[in-house]
Amino acid sequence: MLHKMKLNESPFERMKNGTKTIEFRLFDEKRQQIKVGDQIEFSKLPNLQEKLLVDVSQIYRENSFEELFKKLYDDEEEIKRKVESMYQYYSKEKEKEYGVIGIKIILQKYSVRYTYNKLVRDKIPENINKKIGKKCKYTILDDTMYLQELNKKVLEEANEFIEENSMEELGDLMEVINAIIKLKGYKMEEVYKIMKSKAEKNGIFNDKIYLEYVDEEGE
């Protein structure tokens with residue numbers, strides 16, 4: 001069974017590098033469902049895009065954090081510090097109501113997951129899978145979803161071009177626009193015809209004109 005939990009950046013990074021092997025929580029309704037052999041997906045706060053996949057190898061149950069830490073550690077100062085740390089997140093009333101749990105975890109082989117959920121260039125999955133220790137999952141979109149994602153990509157690339165004003169970012173933006181033209185079945189000569197018509201009527205942007213306001217006579 002897969003369980004999902006959120007984790008602050010510092011403990012997430014320690015779990016990721018292997019220095020944190022036990023997660024401590026209240027033994028509330030959600031944690032009561034966890035069993036040895038289950039999997040947990042930890043999402044890093046605040047944006048939740050980076051995730052860790054772990055296996056549950058052992059579970060420790062006690063009535064209080066102090067009892068739990070005394071079971072696992074010998075250093076009294078360390079125990080005291082850990083207990084005080086847990087009370088920053090959980091009240092003594094909740095501790096008394098539920099009891100506590102220590103979840104010993106083991107990182108899976110592909111333990112770190114970065115969630116993107118975005119349209120990417122065609123060769124990106126192939127390039128990722130060629131790298132040692134990496135694999136990816138992707139979906140082929142239908143035309144409706146493809147257009148929606150291209151529209152999002154226009155905004156993304158436009159914002160990146162605004163930030164950098166580089167030729168590379170301009171090329172990325174034009175690549176997305178070309179994909180939209182192809183999907184919609186537009187012909188470039190038709191696009192240029194529309195551009196020419198608007199240019200003849202209103203001009204283009206060569207003269208750097210910045211319109212401030214227009215005054216109009218009142219009735």
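Nothing in this text is a laboratory measurement; each read-out follows from the coordinates by a stated rule. The shown structure was predicted, so the numbers you read here are calculated from the model rather than taken from an experiment. Here Cβ is always computed from backbone atoms with ideal geometry, including for glycine, and neighbour counts include all displayed protein chains.
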Whole-Hz Karplus couplings 3J(HN,Hα) for the range 135-143, θ = phi - 60° and coefficients 6.51, -1.76, 1.60, Gly and Pro as x, run 8, 9, 10, 9, 10, 8, 7, 7, 4
Under the Karplus curve 6.51 cos²θ - 1.76 cosθ + 1.60, θ = phi - 60°, whole-Hz ³J(HN,Hα) for the range 5-22, x wherever Gly or Pro sits: 9, 9, 8, 5, 4, 4, x, 4, 5, 5, 5, 5, 8, x, 8, 10, 10, 10
Could you list, in their original order, any pairs among Lys4/Lys71; Lys71/Lys134; Lys4/Lys82; Lys4/Lys92; Lys51/Lys182 whose Cα atoms are separated by more than 28 Å? Lys71/Lys134; Lys51/Lys182
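Find out how many positive minus negative residues lie around Glu13, taking Lys and Arg as positive, Asp and Glu as negative, among other residues whose Cβ is under 11 Å from that of Glu13.
Local charge sum for Glu13: +2.
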Output the 0 to 90 degree angle, nearest 10, between the alpha-carbon long axis of helix 76-86 and the longest principal axis computed from the alpha carbons of the chain. 40
Along the Cα→Cβ direction, 7 angstrom out, place labels at Lys196 and Met167. What is the inter-label distance in nm? 2.8
Most exposed first by the Cβ proxy, i.e. fewest other Cβ within 10 Å, how do Met15, Met188 rank? Met188, Met15
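What order do you get for Val214, Val191, Val154, Val176 when you list them from fewest to most C-beta neighbours inside 10 Å?
Sorted ascending by nearby Cβ count, the order is Val214, Val191, Val154, Val176.
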Extension gain (nm, one decimal) between Tyr146 and Ser10, 0.36 nm per residue minus Cα-Cα: 45.3 nm
Reduced Cα scattering model of the range 2-114, Debye log10 I(q)/I(0), q = 0.11, 0.23 Å⁻¹: -0.34, -1.42
Quick one: Karplus J couplings for the range 195-206, per residue in order, coefficients 6.51, -1.76, 1.60, θ = phi - 60°, nearest Hz, x for Gly and Pro? 4, 5, 4, 5, 5, 5, 7, 10, x, 10, 10, 6
Give me the compactness ratio for the range 118-203, meaning the Cα radius of gyration over 2.2 N^0.38 Å. 1.38
Straight-line reach from Lys131: which aspartates and glutamates fall under 18 Å, measuring Cα to Cα and dropping same-chain residues less than 8 apart? Asp122
Which of the lysines could a cross-linker span from Lys208 if the Cα-Cα distance has to be under 21 Å and same-chain partners fewer than 8 positions apart are dropped? Lys196, Lys198
If you find the alpha carbon centre of the range 25-40 and of the range 75-102, how far apart are they in angstrom? 17
By what distance, in whole Å, do the Cα atoms of the chain stretch along each of the three principal axes, largest value first? 82, 55, 30
